[in-house]
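**Q** If you scroll down you'll find the structure; I have some questions about it.
The values are calculated or read from the model by the stated rules, or taken from the named source; none is laboratory data. Predicted, not measured: the structure shown is a model, and the values here were computed from it. Reconstructed Cβ throughout: ideal geometry from the backbone, glycine too, with neighbour counts over all protein chains shown.
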């Protein structure tokens, strides 16, 4: 979560030192272990270091190899050994095993130019000033785990991984971007991952690179999640074995430290990370620490996470801390909050509670492992999978898939579907177009059209359409930017081993039957390391809405309306006594926008107060 800043004056004029100093100092909240600034005529780079390597980091930035090409980055590379070998194969003799990630990225740029991103794996954002070409080159990782914001107004270019830092530049206005505000009010998140809530500030989308040079500005996508045929291995046992090996490599690449916190539930995914972390860290003789932290509810809603996460911790013999959330700040106590977010969030109280949670957890370690990914990648889409095999006339693999699925799970998928139909579950309440939108705003923002086209384009994947499409969902950007904010506020880094591209592409290439059913491949991969109760436990959704339980008796307080809110919302039509969790979620969006509008002004720069 190091802080990164790059400034460029396209007309060749010098960088204003007062502006540079103010923006560079803002980065201190992200990088407490040292700030450095480099001025290069009409360009400037600044970096504030967050050291997550137990004090062994040598990642001094801005960094240069030859004094003419400089880099600042917030980066953690995977498969470093492969990258070093590829560089040496191209004649580069110098990259040492202990080279920083920024140095490796810069060496890759010097060998492959802007195509260096094709040789990188990991979580990264970086800015490179190439003085010989008079160009600023920036890029963001494949899934967008590391944020990159930029603004280009007149001759001024500003790039940072902190949106509020970009706002500090005097050329950048504070005018809001109404399409983003419309998306937030309709869906709770901006549907365009290339824009922000501010007109002048843009977000570089995942898997994109951008360059400013005397020839102008060029932005392009460099990678798309591949679509592969289902993987066919010789033995059934190879599938969990390969996942186990890939997951070990992904965790190893994320643990350049001897201390780690695993954000652990009582399911299968995060306990697998805890077991893998313990095994990987014990490969080295020096002492290590794996700490589990589990959020639980003891009274507000039925919750069995304490019991199941405790089983895992006892089995692995690791300490566990329970974050009891029953009494966290409620929606009706927003006036007590001090956290200000760069973008509006629907429930500032929950967001503030998460900030506090990570601040407390960072006392144990500066690296957190998060288990998101398998719920999306391992969706059990047996219908399109069988249809694909049938369309290809692959009758033998089709019969083998059905037979393996029946043998492993002891029930046919069709029988399961018929049982669900026979049970006649209550249909889920559907969200509806909000009645509290201002009519003029709804008209000029095409809000009705936005609402009707929200489903998005059809997925191109023949076997796993929903799983594949889910990784293009804008909700990932909201998740990653939330994690970035939590990490910056607590001086820690939240990492996602299942979103390692080697792991993710393997999960998406697995045969749906039998390996995606109940995440069978994960369960078999961890069969020797986790307790049987966890291996047998199926996905258990949260039983109820804690937020709804907090407000269903007293309702929501009437807000003190920010003047700007009336441009977008008729506050008198907001439901303050929600009857269902869906009604509450719908009401929270305008209330969250109102809280955000109260919190910023011409001199506001956000923060973690």
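**Q** Kindly evaluate residue 47 against the criterion of being in the same structural domain as residue 165 (by TED's automatic domain parsing), out of contact with any strand residue (DSSP E or B) (no Cβ under 6 Å at 6 or more places or on another chain) and under 28 Å from residue 365 (Cβ atoms). Even if it seems obvious, please write down each step before you answer.
**A** Details: in the same structural domain as residue 165 (by TED's automatic domain parsing): yes; out of contact with any strand residue (DSSP E or B) (no Cβ under 6 Å at 6 or more places or on another chain): no; under 28 Å from residue 365 (Cβ atoms): yes.
For residue 47, the condition - in the same structural domain as residue 165 (by TED's automatic domain parsing), out of contact with any strand residue (DSSP E or B) (no Cβ under 6 Å at 6 or more places or on another chain) and under 28 Å from residue 365 (Cβ atoms) - is not met.
**Q** Same structure again: Is it true that some residue in the stretch 269-291 is modelled with pLDDT of 95 or more, surrounded by fewer than 22 Cβ atoms within 10 Å (Cβ to Cβ), assigned by TED's automatic domain parsing to the domain that holds residue 247 and under 18 Å from the mean Cα position of the chain (by Cα)?
**A** Scanning the stretch 269-291 turns up at least one residue that is modelled with pLDDT of 95 or more, surrounded by fewer than 22 Cβ atoms within 10 Å (Cβ to Cβ), assigned by TED's automatic domain parsing to the domain that holds residue 247 and under 18 Å from the mean Cα position of the chain (by Cα).
**Q** Looking at (1) surrounded by fewer than 22 Cβ atoms within 10 Å (Cβ to Cβ); (2) within 28 Å of the chain's Cα centre (by Cα); (3) touching a residue at least 12 places away in the same chain (Cβ under 8 Å); (4) farther than 21 Å from residue 130 by Cα, which is the one condition that is false for residue 25?
**A** (3)
Each row is one residue, and each column tells you yes or no for (1) in contact (Cβ under 8 Å) with a residue 12 or more places away in the chain; (2) in the same structural domain as residue 288 (by TED's automatic domain parsing); (3) closer than 29 Å to residue 279 by Cβ.
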{"position": "315", "(1), (2), (3)": "yes, yes, yes"}
{"position": "318", "(1), (2), (3)": "yes, yes, yes"}
{"position": "329", "(1), (2), (3)": "yes, yes, no"}
{"position": "335", "(1), (2), (3)": "no, yes, no"}
{"position": "364", "(1), (2), (3)": "yes, yes, yes"}
{"position": "369", "(1), (2), (3)": "yes, yes, yes"}
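**Q** Touching a strand residue (DSSP E or B) at 6+ places or on another chain (Cβ under 6 Å), modelled with pLDDT of 95 or more and outside the structural domain of residue 483 (by TED's automatic domain parsing) - does that describe any residue in the stretch 574-595?
**A** If we filter the stretch 574-595 for residues that are touching a strand residue (DSSP E or B) at 6+ places or on another chain (Cβ under 6 Å), which is where we start, we get 590.
Still in the running and modelled with pLDDT of 95 or more: 590.
Those still in the list that are outside the structural domain of residue 483 (by TED's automatic domain parsing) too: 590.
Checking the stretch 574-595: at least one residue is touching a strand residue (DSSP E or B) at 6+ places or on another chain (Cβ under 6 Å), modelled with pLDDT of 95 or more and outside the structural domain of residue 483 (by TED's automatic domain parsing).
Residues checked against (1) under 19 Å from the mean Cα position of the chain (by Cα); (2) assigned by TED's automatic domain parsing to the domain that holds residue 526; (3) over 24 Å from residue 27 (Cα atoms); (4) surrounded by fewer than 19 Cβ atoms within 10 Å (Cβ to Cβ):
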position: 175; (1), (2), (3), (4): no, no, no, yes
position: 182; (1), (2), (3), (4): no, no, yes, no
position: 185; (1), (2), (3), (4): no, no, yes, no
position: 205; (1), (2), (3), (4): yes, no, no, yes
position: 232; (1), (2), (3), (4): no, no, yes, yes
position: 246; (1), (2), (3), (4): no, yes, yes, no
position: 257; (1), (2), (3), (4): no, yes, no, no
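**Q** For the structure I just gave you, tell me whether residue 53 is closer than 22 Å to residue 145 by Cα and surrounded by 18 or more Cβ atoms within 10 Å (Cβ to Cβ). Lay out the reasoning, then the answer.
**A** On the way: closer than 22 Å to residue 145 by Cα: yes; surrounded by 18 or more Cβ atoms within 10 Å (Cβ to Cβ): no.
Here the answer is no, as residue 53 does not meet what is asked.
**Q** Can you go through 506, 498 and tell me which one is touching a residue at least 40 places away in the same chain (Cβ under 8 Å), assigned to a helix (DSSP H, G or I) and within 16 Å of the chain's Cα centre (by Cα)?
**A** Values: 506 fails: within 16 Å of the chain's Cα centre (by Cα).
When all the criteria are applied, what remains is 498.
Yes/no matrix, rows are residues, columns are (1) under 27 Å from residue 43 (Cα atoms); (2) free of Cβ contacts under 8 Å to residues at least 60 places away in the same chain; (3) assigned to a loop (DSSP other than H, G, I, E, B):
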residue	(1), (2), (3)
84	no, yes, no
88	no, yes, no
97	no, yes, yes
106	yes, yes, no
118	yes, no, no
125	yes, no, no
132	yes, no, yes
136	yes, no, no
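**Q** How about the stretch 323-350: which of its residues are part of a helix (DSSP H, G or I) and within 21 Å of residue 305 (Cα to Cα)? Show your work before the answer.
**A** Applying the first criterion (part of a helix (DSSP H, G or I)) to the stretch 323-350 yields 331-336, 348-350.
Of everything in the stretch 323-350, just one residue is part of a helix (DSSP H, G or I) and within 21 Å of residue 305 (Cα to Cα), namely 350.
**Q** In this structure, is residue 347 over 18 Å from residue 270 (Cβ atoms) and surrounded by fewer than 18 Cβ atoms within 10 Å (Cβ to Cβ)? Outline the logic, then answer.
**A** Values: over 18 Å from residue 270 (Cβ atoms): yes; surrounded by fewer than 18 Cβ atoms within 10 Å (Cβ to Cβ): no.
Taking the combined requirement at face value, the residue does not satisfy it.
**Q** Among 45, 50, which is the only one that is within 24 Å of the chain's Cα centre (by Cα), in contact (Cβ under 8 Å) with a residue 60 or more places away in the chain and on the phi < 0 side of the Ramachandran plot?
**A** Details: 45 fails: within 24 Å of the chain's Cα centre (by Cα).
Only one candidate qualifies: 50.
**Q** Could you figure out which of (1) exposed (fewer than 15 other Cβ atoms within 10 Å of the Cβ); (2) touching a strand residue (DSSP E or B) at 6+ places or on another chain (Cβ under 6 Å); (3) modelled with pLDDT under 90 isn't true of residue 417?
**A** (2) is the only condition that residue 417 fails.
**Q** Just to be sure before I move on: is residue 242 surrounded by 16 or more Cβ atoms within 10 Å (Cβ to Cβ), farther than 30 Å from residue 361 by Cα, assigned by TED's automatic domain parsing to the domain that holds residue 508 and touching a residue at least 12 places away in the same chain (Cβ under 8 Å) in the structure I sent? Even if it seems obvious, please write down each step before you answer.
**A** Numbers: surrounded by 16 or more Cβ atoms within 10 Å (Cβ to Cβ): yes; farther than 30 Å from residue 361 by Cα: yes; assigned by TED's automatic domain parsing to the domain that holds residue 508: yes; touching a residue at least 12 places away in the same chain (Cβ under 8 Å): yes.
Judged against the criteria, residue 242 is a match.
**Q** Looking at (1) closer than 22 Å to residue 159 by Cβ; (2) at pLDDT 95 or above; (3) assigned to a helix (DSSP H, G or I), which is the only condition residue 28 fails?
**A** For residue 28, the failing item is (2).
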